[in-house]
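Presented below is the structure to which this report refers.
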Amino acid sequence: MQFEQKLTQYRELIAQKLPTFDLEQLEVFTGAQSGYRMRAEFAIYHQNQPSYSVHHVVHDSVTKQRIFCEGKYAIANALINRLMPAVEEFFAQNYKFAHKLFQIEYLTTTTQQVVISLLFHRALDKSEENNVDLLHAQAFKDFLQTKLNLKTEDLHIILRAKKTKLQLGNNFISETLHVNDKEFALYQVENSFSQPNAEINNLMLSYVDKHVHTDHDILELYCGVGNFTVVLASCGKKLLATEVNKQAVDFVYRNLERNNLTNVQVGRISAEEFVQAINKVRPFKRLEHIDLDTYNFDTVFVDPPRAGLDTASCDMISQFANIIYVSCNPHTLVDNLQYLTSKYGYRIKQLALFDQFPQTPHCESIAILTKNHS
Ligand SMILES: C[S@@+](CC[C@H](N)C(=O)[O-])C[C@H]1O[C@@H](n2cnc3c(N)ncnc32)[C@H](O)[C@@H]1O
(Lines give C-alpha, C1' and ligand atoms only; values in the text may rest on other atoms or scores of the structure.)
Protein backbone atom coordinates (compact mmCIF):
# COMPACT_ATOMS: atom_id res chain seq x y z
CA MET A 1 0.00 0.00 0.00
CA GLN A 2 1.33 3.44 -0.94
CA PHE A 3 1.93 5.86 1.91
CA GLU A 4 -0.51 8.52 0.64
CA GLN A 5 -3.35 5.97 0.69
CA LYS A 6 -2.40 4.83 4.20
CA LEU A 7 -2.31 8.44 5.45
CA THR A 8 -5.70 9.19 3.89
CA GLN A 9 -7.27 6.15 5.59
CA TYR A 10 -5.64 7.10 8.89
CA ARG A 11 -6.96 10.66 8.70
CA GLU A 12 -10.45 9.36 7.85
CA LEU A 13 -10.39 7.07 10.88
CA ILE A 14 -9.33 9.89 13.20
CA ALA A 15 -11.93 12.27 11.74
CA GLN A 16 -14.65 9.66 12.24
CA LYS A 17 -13.74 8.40 15.73
CA LEU A 18 -12.06 11.45 17.30
CA PRO A 19 -13.84 14.39 15.64
CA THR A 20 -12.61 16.93 18.20
CA PHE A 21 -8.97 16.30 17.30
CA ASP A 22 -7.66 18.96 14.90
CA LEU A 23 -6.13 16.93 12.03
CA GLU A 24 -3.83 19.87 11.27
CA GLN A 25 -2.01 18.84 14.46
CA LEU A 26 -1.31 15.31 13.21
CA GLU A 27 2.44 14.78 12.87
CA VAL A 28 3.78 12.32 10.33
CA PHE A 29 7.17 10.58 10.31
CA THR A 30 8.41 8.50 7.40
CA GLY A 31 11.65 6.71 6.56
CA ALA A 32 13.18 4.42 3.94
CA GLN A 33 10.56 2.71 1.79
CA SER A 34 12.57 -0.50 1.36
CA GLY A 35 15.37 -2.31 3.18
CA TYR A 36 13.94 -1.23 6.53
CA ARG A 37 13.08 -4.48 8.32
CA MET A 38 15.60 -5.57 10.93
CA ARG A 39 13.91 -8.92 11.47
CA ALA A 40 12.14 -11.21 9.07
CA GLU A 41 10.79 -14.74 9.08
CA PHE A 42 10.30 -17.02 6.13
CA ALA A 43 8.72 -20.39 5.47
CA ILE A 44 11.05 -22.84 3.74
CA TYR A 45 10.18 -24.64 0.53
CA HIS A 46 12.17 -27.75 -0.41
CA GLN A 47 12.43 -28.66 -4.10
CA ASN A 48 13.85 -31.99 -5.26
CA GLN A 49 13.94 -31.52 -9.03
CA PRO A 50 16.10 -30.94 -11.06
CA SER A 51 18.38 -31.05 -8.01
CA TYR A 52 17.76 -30.45 -4.31
CA SER A 53 17.23 -26.77 -3.49
CA VAL A 54 15.82 -24.72 -0.62
CA HIS A 55 13.80 -21.51 -1.00
CA HIS A 56 12.72 -18.63 1.24
CA VAL A 57 8.96 -18.14 0.98
CA VAL A 58 6.52 -15.55 2.35
CA HIS A 59 2.74 -15.59 2.17
CA ASP A 60 0.66 -12.76 0.76
CA SER A 61 -1.19 -11.21 3.70
CA VAL A 62 -4.48 -11.00 1.78
CA THR A 63 -4.56 -13.96 -0.63
CA LYS A 64 -2.32 -16.17 1.59
CA GLN A 65 -0.63 -17.29 -1.62
CA ARG A 66 2.96 -18.48 -1.48
CA ILE A 67 5.51 -16.02 -2.83
CA PHE A 68 9.00 -17.28 -3.67
CA CYS A 69 11.54 -14.68 -2.61
CA GLU A 70 14.24 -15.76 -5.13
CA GLY A 71 16.94 -14.99 -2.58
CA LYS A 72 15.80 -11.44 -1.81
CA TYR A 73 13.17 -9.59 0.20
CA ALA A 74 12.80 -5.91 -0.64
CA ILE A 75 11.52 -4.71 2.74
CA ALA A 76 14.28 -6.51 4.68
CA ASN A 77 17.60 -4.79 5.30
CA ALA A 78 20.82 -5.29 3.35
CA LEU A 79 22.29 -7.82 5.79
CA ILE A 80 19.26 -10.14 5.53
CA ASN A 81 19.35 -9.77 1.74
CA ARG A 82 23.03 -10.74 1.69
CA LEU A 83 22.37 -13.73 3.94
CA MET A 84 19.39 -15.17 2.03
CA PRO A 85 21.17 -16.43 -1.14
CA ALA A 86 24.11 -17.70 0.92
CA VAL A 87 21.75 -19.61 3.21
CA GLU A 88 19.99 -21.16 0.19
CA GLU A 89 23.37 -22.10 -1.32
CA PHE A 90 24.52 -23.83 1.87
CA PHE A 91 21.31 -25.79 2.37
CA ALA A 92 21.18 -26.91 -1.26
CA GLN A 93 24.49 -28.69 -0.61
CA ASN A 94 23.55 -30.06 2.82
CA TYR A 95 20.34 -32.04 2.50
CA LYS A 96 20.96 -33.94 5.76
CA PHE A 97 20.94 -30.68 7.69
CA ALA A 98 18.23 -28.89 5.68
CA HIS A 99 15.91 -31.89 5.83
CA LYS A 100 12.57 -30.91 7.51
CA LEU A 101 13.64 -27.31 8.03
CA PHE A 102 10.33 -25.42 7.85
CA GLN A 103 11.08 -21.87 8.98
CA ILE A 104 13.98 -19.47 9.20
CA GLU A 105 14.07 -16.24 11.21
CA TYR A 106 16.63 -13.47 11.00
CA LEU A 107 17.10 -10.94 13.81
CA THR A 108 19.64 -8.24 12.93
CA THR A 109 20.92 -4.91 14.21
CA THR A 110 22.29 -1.78 12.58
CA THR A 111 25.57 -2.81 14.24
CA GLN A 112 25.64 -5.73 11.73
CA GLN A 113 24.96 -8.51 14.20
CA VAL A 114 22.59 -11.36 13.47
CA VAL A 115 20.85 -14.29 15.14
CA ILE A 116 19.58 -16.89 12.65
CA SER A 117 16.96 -19.27 14.04
CA LEU A 118 16.28 -22.48 12.16
CA LEU A 119 13.05 -24.34 12.99
CA PHE A 120 12.81 -28.03 12.19
CA HIS A 121 10.01 -30.58 11.95
CA ARG A 122 12.41 -33.36 12.97
CA ALA A 123 14.18 -34.37 16.14
CA LEU A 124 17.51 -32.67 16.70
CA ASP A 125 20.54 -34.66 17.79
CA LYS A 126 20.72 -34.63 21.60
CA SER A 127 24.26 -36.04 21.96
CA GLU A 128 26.61 -34.22 24.30
CA GLU A 129 29.62 -34.93 22.07
CA ASN A 130 29.98 -34.87 18.30
CA ASN A 131 26.43 -33.63 18.00
CA VAL A 132 25.69 -33.94 14.28
CA ASP A 133 23.33 -30.97 14.16
CA LEU A 134 25.76 -28.73 16.01
CA LEU A 135 28.57 -29.83 13.65
CA HIS A 136 26.34 -28.89 10.72
CA ALA A 137 25.45 -25.60 12.37
CA GLN A 138 29.16 -24.85 12.82
CA ALA A 139 29.79 -25.59 9.12
CA PHE A 140 26.80 -23.33 8.27
CA LYS A 141 28.20 -20.53 10.43
CA ASP A 142 31.71 -20.90 8.96
CA PHE A 143 30.28 -20.82 5.44
CA LEU A 144 28.26 -17.63 6.08
CA GLN A 145 31.12 -15.93 7.89
CA THR A 146 33.51 -16.53 5.01
CA LYS A 147 31.00 -15.75 2.29
CA LEU A 148 29.79 -12.48 3.88
CA ASN A 149 32.96 -11.54 5.70
CA LEU A 150 31.20 -11.47 9.08
CA LYS A 151 32.94 -11.53 12.44
CA THR A 152 32.40 -14.74 14.41
CA GLU A 153 31.07 -12.79 17.42
CA ASP A 154 28.43 -11.12 15.20
CA LEU A 155 26.79 -14.30 13.93
CA HIS A 156 24.72 -16.60 16.15
CA ILE A 157 22.83 -19.72 15.14
CA ILE A 158 19.91 -21.30 16.98
CA LEU A 159 18.29 -24.61 16.02
CA ARG A 160 14.82 -25.33 17.32
CA ALA A 161 12.62 -28.40 17.19
CA LYS A 162 9.82 -29.61 19.41
CA LYS A 163 11.16 -29.44 23.00
CA THR A 164 14.80 -29.09 21.83
CA LYS A 165 17.03 -26.10 21.28
CA LEU A 166 20.67 -26.06 20.20
CA GLN A 167 22.63 -22.85 20.19
CA LEU A 168 25.88 -21.72 18.62
CA GLY A 169 26.82 -18.35 20.11
CA ASN A 170 24.27 -16.14 21.89
CA ASN A 171 20.50 -15.77 21.61
CA PHE A 172 20.87 -11.96 21.71
CA ILE A 173 22.58 -9.18 19.80
CA SER A 174 23.40 -5.58 20.63
CA GLU A 175 21.68 -2.63 18.97
CA THR A 176 22.63 1.03 19.33
CA LEU A 177 19.70 3.42 19.77
CA HIS A 178 20.15 7.02 18.60
CA VAL A 179 17.77 9.23 20.58
CA ASN A 180 18.12 12.97 19.94
CA ASP A 181 21.66 13.67 21.21
CA LYS A 182 21.82 10.49 23.33
CA GLU A 183 22.92 6.93 22.58
CA PHE A 184 21.85 3.73 24.31
CA ALA A 185 23.05 0.15 23.94
CA LEU A 186 20.20 -2.35 23.82
CA TYR A 187 20.34 -6.12 23.79
CA GLN A 188 17.64 -7.59 21.60
CA VAL A 189 16.81 -11.22 22.13
CA GLU A 190 15.56 -14.01 19.91
CA ASN A 191 11.94 -14.96 20.65
CA SER A 192 11.10 -11.67 22.42
CA PHE A 193 9.62 -8.56 20.82
CA SER A 194 11.84 -5.98 19.12
CA GLN A 195 10.75 -3.01 17.00
CA PRO A 196 11.17 -4.14 13.37
CA ASN A 197 12.23 -0.81 11.83
CA ALA A 198 15.37 0.65 13.44
CA GLU A 199 15.19 4.02 11.69
CA ILE A 200 11.57 4.63 12.70
CA ASN A 201 12.21 3.22 16.17
CA ASN A 202 14.87 5.92 16.69
CA LEU A 203 12.33 8.55 15.57
CA MET A 204 9.70 7.19 17.98
CA LEU A 205 12.17 7.09 20.86
CA SER A 206 13.29 10.65 20.10
CA TYR A 207 9.66 11.78 19.98
CA VAL A 208 8.94 10.25 23.39
CA ASP A 209 12.18 11.66 24.80
CA LYS A 210 11.17 15.13 23.58
CA HIS A 211 7.66 14.95 24.99
CA VAL A 212 8.15 13.39 28.44
CA HIS A 213 7.88 16.38 30.73
CA THR A 214 7.40 15.38 34.32
CA ASP A 215 8.78 16.06 37.78
CA HIS A 216 7.09 12.91 39.01
CA ASP A 217 7.46 9.15 38.58
CA ILE A 218 6.54 7.16 35.51
CA LEU A 219 4.77 3.81 35.14
CA GLU A 220 5.51 1.78 31.99
CA LEU A 221 3.32 -1.13 30.89
CA TYR A 222 4.41 -3.62 28.17
CA CYS A 223 8.12 -2.68 28.36
CA GLY A 224 9.54 -5.64 26.36
CA VAL A 225 13.35 -5.78 26.70
CA GLY A 226 13.43 -2.10 27.67
CA ASN A 227 13.50 -0.25 24.34
CA PHE A 228 11.53 2.74 25.66
CA THR A 229 12.48 2.01 29.29
CA VAL A 230 16.08 3.19 28.85
CA VAL A 231 14.86 6.46 27.32
CA LEU A 232 12.14 7.07 29.93
CA ALA A 233 14.61 6.27 32.72
CA SER A 234 17.16 8.70 31.33
CA CYS A 235 14.66 11.51 32.02
CA GLY A 236 15.84 11.13 35.62
CA LYS A 237 12.59 10.28 37.44
CA LYS A 238 11.77 7.01 39.17
CA LEU A 239 10.34 4.50 36.74
CA LEU A 240 8.39 1.31 37.32
CA ALA A 241 8.45 -0.89 34.22
CA THR A 242 6.29 -4.01 33.78
CA GLU A 243 6.20 -6.81 31.26
CA VAL A 244 4.76 -10.33 31.20
CA ASN A 245 7.48 -12.19 29.27
CA LYS A 246 10.13 -13.61 31.61
CA GLN A 247 12.95 -13.61 29.08
CA ALA A 248 12.22 -9.99 28.16
CA VAL A 249 12.22 -9.00 31.85
CA ASP A 250 15.65 -10.63 32.33
CA PHE A 251 16.92 -8.51 29.47
CA VAL A 252 15.40 -5.28 30.82
CA TYR A 253 17.66 -5.68 33.86
CA ARG A 254 20.67 -6.27 31.61
CA ASN A 255 19.80 -3.30 29.42
CA LEU A 256 19.39 -0.99 32.42
CA GLU A 257 22.75 -2.07 33.78
CA ARG A 258 24.47 -1.58 30.42
CA ASN A 259 23.22 2.01 30.34
CA ASN A 260 24.02 2.71 34.02
CA LEU A 261 20.37 3.37 34.84
CA THR A 262 19.61 2.77 38.51
CA ASN A 263 16.25 4.53 38.93
CA VAL A 264 14.09 1.70 37.54
CA GLN A 265 12.27 -1.21 39.18
CA VAL A 266 10.92 -3.97 36.99
CA GLY A 267 7.88 -6.17 37.63
CA ARG A 268 7.19 -9.40 35.76
CA ILE A 269 3.47 -9.11 35.62
CA SER A 270 0.77 -8.82 32.99
CA ALA A 271 -0.90 -5.45 32.51
CA GLU A 272 -4.20 -7.00 33.64
CA GLU A 273 -2.62 -8.29 36.86
CA PHE A 274 -0.93 -4.94 37.46
CA VAL A 275 -4.35 -3.29 37.43
CA GLN A 276 -5.28 -5.55 40.36
CA ALA A 277 -1.98 -4.84 42.12
CA ILE A 278 -2.18 -1.03 41.92
CA ASN A 279 -5.86 -1.08 42.86
CA LYS A 280 -4.91 -3.28 45.84
CA VAL A 281 -7.39 -5.98 44.81
CA ARG A 282 -4.76 -8.62 45.63
CA PRO A 283 -1.01 -8.81 46.31
CA PHE A 284 1.40 -10.49 43.88
CA LYS A 285 4.47 -12.45 44.96
CA ARG A 286 6.23 -11.30 41.78
CA LEU A 287 5.88 -7.67 42.99
CA GLU A 288 7.14 -8.33 46.53
CA HIS A 289 10.35 -6.35 45.82
CA ILE A 290 8.33 -3.25 44.87
CA ASP A 291 6.52 -0.90 47.26
CA LEU A 292 3.94 0.79 45.06
CA ASP A 293 3.17 3.34 47.80
CA THR A 294 6.66 4.87 47.43
CA TYR A 295 5.85 6.06 43.92
CA ASN A 296 4.47 9.46 43.10
CA PHE A 297 3.27 8.80 39.56
CA ASP A 298 1.81 11.34 37.19
CA THR A 299 2.67 9.73 33.84
CA VAL A 300 1.90 6.32 32.38
CA PHE A 301 3.50 4.95 29.22
CA VAL A 302 1.85 2.02 27.42
CA ASP A 303 2.89 0.06 24.32
CA PRO A 304 0.38 -2.81 24.09
CA PRO A 305 0.09 -5.50 21.38
CA ARG A 306 -2.41 -5.03 18.53
CA ALA A 307 -5.41 -5.77 20.78
CA GLY A 308 -4.86 -2.49 22.66
CA LEU A 309 -5.93 -1.96 26.28
CA ASP A 310 -8.88 -3.65 27.90
CA THR A 311 -11.47 -1.54 29.74
CA ALA A 312 -10.02 -2.27 33.19
CA SER A 313 -6.57 -1.10 32.04
CA CYS A 314 -8.08 2.08 30.53
CA ASP A 315 -9.88 2.73 33.83
CA MET A 316 -6.66 2.15 35.76
CA ILE A 317 -4.53 4.52 33.65
CA SER A 318 -7.14 7.25 34.12
CA GLN A 319 -5.47 7.76 37.55
CA PHE A 320 -2.57 9.42 35.71
CA ALA A 321 -2.47 13.05 34.61
CA ASN A 322 -0.46 12.19 31.48
CA ILE A 323 -0.68 9.17 29.19
CA ILE A 324 1.82 8.31 26.47
CA TYR A 325 0.29 5.63 24.27
CA VAL A 326 2.37 3.82 21.62
CA SER A 327 0.24 1.68 19.33
CA CYS A 328 0.73 -0.62 16.34
CA ASN A 329 -3.01 -0.73 15.62
CA PRO A 330 -4.83 2.54 14.80
CA HIS A 331 -8.24 0.87 15.28
CA THR A 332 -7.74 -0.23 18.88
CA LEU A 333 -5.86 3.02 19.58
CA VAL A 334 -8.78 5.22 18.52
CA ASP A 335 -11.25 3.05 20.45
CA ASN A 336 -9.12 3.44 23.61
CA LEU A 337 -8.65 7.19 23.00
CA GLN A 338 -12.37 7.65 22.43
CA TYR A 339 -13.05 5.97 25.78
CA LEU A 340 -10.36 7.92 27.68
CA THR A 341 -11.36 11.31 26.26
CA SER A 342 -15.12 10.89 26.61
CA LYS A 343 -15.20 9.11 29.98
CA TYR A 344 -12.26 10.77 31.74
CA GLY A 345 -11.93 14.13 30.01
CA TYR A 346 -8.43 13.71 28.57
CA ARG A 347 -7.25 16.05 25.82
CA ILE A 348 -5.15 14.64 22.97
CA LYS A 349 -2.12 16.92 23.15
CA GLN A 350 -0.12 15.23 20.43
CA LEU A 351 -0.81 12.53 17.87
CA ALA A 352 1.86 11.24 15.51
CA LEU A 353 1.83 8.58 12.81
CA PHE A 354 5.10 6.71 12.23
CA ASP A 355 5.36 4.76 8.98
CA GLN A 356 7.10 1.83 10.61
CA PHE A 357 5.93 -0.67 7.96
CA PRO A 358 6.21 0.95 4.50
CA GLN A 359 4.54 -0.91 1.59
CA THR A 360 2.09 -2.54 4.04
CA PRO A 361 -1.25 -1.28 5.45
CA HIS A 362 0.26 -1.15 8.96
CA CYS A 363 1.61 1.84 10.86
CA GLU A 364 2.61 2.86 14.36
CA SER A 365 1.18 5.80 16.34
CA ILE A 366 2.10 7.75 19.43
CA ALA A 367 -0.62 9.68 21.27
CA ILE A 368 0.03 11.97 24.21
CA LEU A 369 -2.93 12.70 26.43
CA THR A 370 -3.27 15.04 29.35
CA LYS A 371 -5.92 15.94 31.89
CA ASN A 372 -4.34 19.35 32.22
CA HIS A 373 -6.46 21.67 30.09
CA SER A 374 -4.32 24.80 30.44
C1 LIG B 1 4.38 -4.04 21.15
S2 LIG B 1 5.48 -4.86 22.26
C3 LIG B 1 6.31 -3.48 22.95
C4 LIG B 1 7.60 -3.78 23.66
C5 LIG B 1 8.51 -2.59 23.95
N6 LIG B 1 7.77 -1.43 24.41
C7 LIG B 1 9.37 -2.24 22.75
O8 LIG B 1 9.30 -1.10 22.26
O9 LIG B 1 10.16 -3.10 22.31
C10 LIG B 1 4.37 -5.41 23.47
C11 LIG B 1 4.99 -6.12 24.66
O12 LIG B 1 3.94 -6.46 25.56
C13 LIG B 1 4.19 -7.74 26.09
N14 LIG B 1 2.85 -8.24 26.48
C15 LIG B 1 1.93 -8.87 25.72
N16 LIG B 1 0.80 -9.08 26.40
C17 LIG B 1 0.99 -8.55 27.64
C18 LIG B 1 0.19 -8.43 28.80
N19 LIG B 1 -1.05 -8.91 28.82
N20 LIG B 1 0.71 -7.81 29.87
C21 LIG B 1 1.96 -7.30 29.86
N22 LIG B 1 2.79 -7.40 28.80
C23 LIG B 1 2.30 -8.00 27.69
C24 LIG B 1 4.88 -8.51 25.02
O25 LIG B 1 5.66 -9.55 25.59
C26 LIG B 1 5.74 -7.42 24.37
O27 LIG B 1 7.01 -7.35 24.96
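The values are calculated or read from the model by the stated rules, or taken from the named source; none is laboratory data. Fair warning: this is a prediction, and the values are worked out from it, not measured in the lab. Ideal geometry is used to build each Cβ from the backbone, glycine not excepted, and the neighbour counts take in all protein chains shown.
Here are the numbers for this structure:
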read-out	value
Residue among PRO304, PRO283 that is more than 9 Å from the ligand (Cβ to nearest atom) and assigned by the TED database to the domain that holds ALA352	PRO283
Residue count, region 173-189 (criterion: more than 13 Å from the ligand (Cβ to nearest atom) and either buried (at least 21 other Cβ atoms within 10 Å of the Cβ) or over 28 Å from GLN359 (Cα atoms) (or both))	5
Boolean, ASN260 is more than 10 Å from the ligand (Cβ to nearest atom), closer than 26 Å to ASP293 by Cβ and surrounded by fewer than 17 Cβ atoms within 10 Å (Cβ to Cβ)	no
Flag for LEU205 being within 9 Å of the ligand (Cβ to nearest atom), in contact with a Ser or Thr (Cβ under 7 Å, 6 or more places away or on another chain) and closer than 23 Å to SER365 by Cα	no
Some residue of region 242-254 being more than 10 Å from the ligand (Cβ to nearest atom), assigned by the TED database to the domain that holds LEU351, among the polar types (S, T, N, Q) and part of a helix (DSSP H, G or I)	no
Any hit, region 99-108, residues being at pLDDT below 95, over 21 Å from GLN145 (Cα atoms), of a type outside the set (D, E, K, R) and assigned by the TED database to the domain that holds GLU153	yes
Unique residue being acidic (Asp, Glu) and over 16 Å from the mean Cα position of the chain (by Cα) when the list is GLU175, GLU199, GLU183	GLU183
Region 223-239, residues that are among the β-branched types (Val, Ile, Thr) and either under 19 Å from PHE274 (Cβ atoms) or more than 13 Å from the ligand (Cβ to nearest atom) (or both)	VAL225, THR229
Flag for PHE251 being of a type outside the set (A, V, I, L, M) and touching a helix residue (DSSP H, G or I) at 6+ places or on another chain (Cβ under 9 Å)	no
Qualifying position, being of a type in the set (Asp, Glu), out of contact with any Asp or Glu (no Cβ under 9 Å at 6 or more places or on another chain) and modelled with pLDDT under 95, among GLU175, GLU128	GLU128
Selection status of GLU220, at pLDDT 95 or above, away from the ligand (no atom under 12 Å from the Cβ) and not in a loop (DSSP other than H, G, I, E, B)	no
Unique match (being within 13 Å of the chain's Cα centre (by Cα), in the same structural domain as TYR325 (by the TED database) and within 18 Å of TYR295 (Cβ to Cβ)) among CYS223, CYS235	CYS223
Meets criteria (under 21 Å from ASN197 (Cα atoms) and either in contact with a Pro (Cβ under 6 Å, 6 or more places away or on another chain) or not assigned by the TED database to the domain that holds THR360 (or both)) for GLN47	no
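Let's see how each residue does on (1) in the same structural domain as VAL225 (by the TED database); (2) surrounded by fewer than 20 Cβ atoms within 10 Å (Cβ to Cβ); (3) modelled with pLDDT under 95; (4) under 21 Å from TYR36 (Cα atoms):
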residue: THR311; (1), (2), (3), (4): yes, yes, no, no
residue: ILE317; (1), (2), (3), (4): yes, no, no, no
residue: ASN322; (1), (2), (3), (4): yes, no, no, no
residue: ASN329; (1), (2), (3), (4): yes, yes, no, yes
residue: ASP335; (1), (2), (3), (4): yes, yes, no, no
residue: SER342; (1), (2), (3), (4): yes, yes, no, no
residue: ASP355; (1), (2), (3), (4): yes, no, no, yes
residue: PRO361; (1), (2), (3), (4): yes, yes, yes, yes
